[in-house]
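**Q** One structure is given below, represented as structure tokens, and several questions about it will come after.
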Amino acid sequence: MPRVIKHPELRREELLDQAQALFLAHGYDRASLNDVIAAAGVSKGAFYHYFASKEALLEALAERFARQALAGVQDVLDDPGLDPLNRLNGLLAKSRQAKIETASEAWALFETMFRPENLVLFHRINLAAGASFSPLLVKIIRQGVEDGTFRTFDPEGVADMVMQFGMATHGVVAKAIASGSDADMDVAIETLEKRVRLYEVALDRILGLPDGSIRISEPGYVRAVMTARRRTVEQAPSS
């Protein structure tokens, strides 16, 4: 049989597809790189041409999630009828909906990041997501500054703060997951809901807006995302 030569980007996507399927089926920790290589039908050398490590594979999956999320908000970004505030809130609303819809899958893939020993990996994956969304936030905030909707001297800094919100809540989520109890998870949900409200107030003040202008969350959002993690654990196959 002649050797099939595939475009490098197509081969890379196939490797990501195989890894994602295995991580979802068995969990990130239980699925080895050898499992991924075998499922993809490639040599180790070919695999390492695309990904230097298992962690690099997970980062690439996070980047792909971010690109898919970006495609889902394109209509908000392109809508000429939206002013900067409504565009920003529209972007946040679309992002919330996407996170709710993919929460179970995302937990299965990325829960390992919330272990204390994986804090660096969590930070790297957050940076990967930020690389996609920070430029969009900066563009919207700059437009708002230009037309007088927002008042800030540092649009890039505001965008960085928004992207760092996830890092700031890492400890709360990690503690709840480590405990494993429903009571601790409920405390974490309540804490996160208060924290998000605080971030909304902070963004309003930083952008010179009346309180209640920015809507990072909505009623039930945090609980929907966090309880998706519970369902993922309950449905996971036993080892």
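**Q** One residue is enough: does segment 147-165 have a residue meeting the conditions farther than 28 Å from ASP75 by Cα and buried (at least 16 other Cβ atoms within 10 Å of the Cβ)?
**A** Scanning segment 147-165 turns up no residue that is farther than 28 Å from ASP75 by Cα and buried (at least 16 other Cβ atoms within 10 Å of the Cβ).
**Q** Here is a further query. Pick from segment 92-122 the residues that are open to solvent by 70 Å² or more (accessible area, probe 1.4 Å), without any contact (Cβ under 8 Å) to a residue 60 or more places away in the chain and under 14 Å from the mean Cα position of the chain (by Cα): which of them is nearest to ASP78 (Cα to Cα)?
**A** LYS94
**Q** Filter segment 44-64 for residues that are aliphatic (A, V, I, L, M), over 17 Å from LEU24 (Cα atoms) and open to solvent by less than 10 Å² (accessible area, probe 1.4 Å) and give the result.
**A** none
**Q** Yes or no: segment 172-193 includes at least one residue that is open to solvent by 30 Å² or more (accessible area, probe 1.4 Å), assigned to a helix (DSSP H, G or I) and closer than 22 Å to ALA69 by Cα.
**A** Scanning segment 172-193 turns up no residue that is open to solvent by 30 Å² or more (accessible area, probe 1.4 Å), assigned to a helix (DSSP H, G or I) and closer than 22 Å to ALA69 by Cα.
**Q** Identify, by number, the condition in (1) in a loop (DSSP other than H, G, I, E, B); (2) open to solvent by 60 Å² or more (accessible area, probe 1.4 Å) that ILE216 doesn't meet.
**A** Going through (1) in a loop (DSSP other than H, G, I, E, B); (2) open to solvent by 60 Å² or more (accessible area, probe 1.4 Å) one by one, ILE216 breaks only (2).
**Q** Continuing with the same structure: Restricting to segment 65-91, what's the tally of residues that are touching a residue at least 12 places away in the same chain (Cβ under 8 Å), aliphatic (A, V, I, L, M) and more than 26 Å from LEU24 (Cβ to Cβ)?
**A** Result for segment 65-91: 5.
The values are calculated or read from the model by the stated rules, or taken from the named source; none is laboratory data. Quick caveat: nothing in here was measured; it's all calculated off a predicted structure. Every residue, glycine among them, receives a Cβ derived from its backbone with ideal geometry; neighbour counts consider all protein chains shown. To get the accessible areas, we keep the full protein, side chains included, count just its heavy atoms, and leave off ligands, DNA and RNA. Shrake-Rupley method; radii C 1.70, N 1.55, O 1.52, S 1.80 Å.
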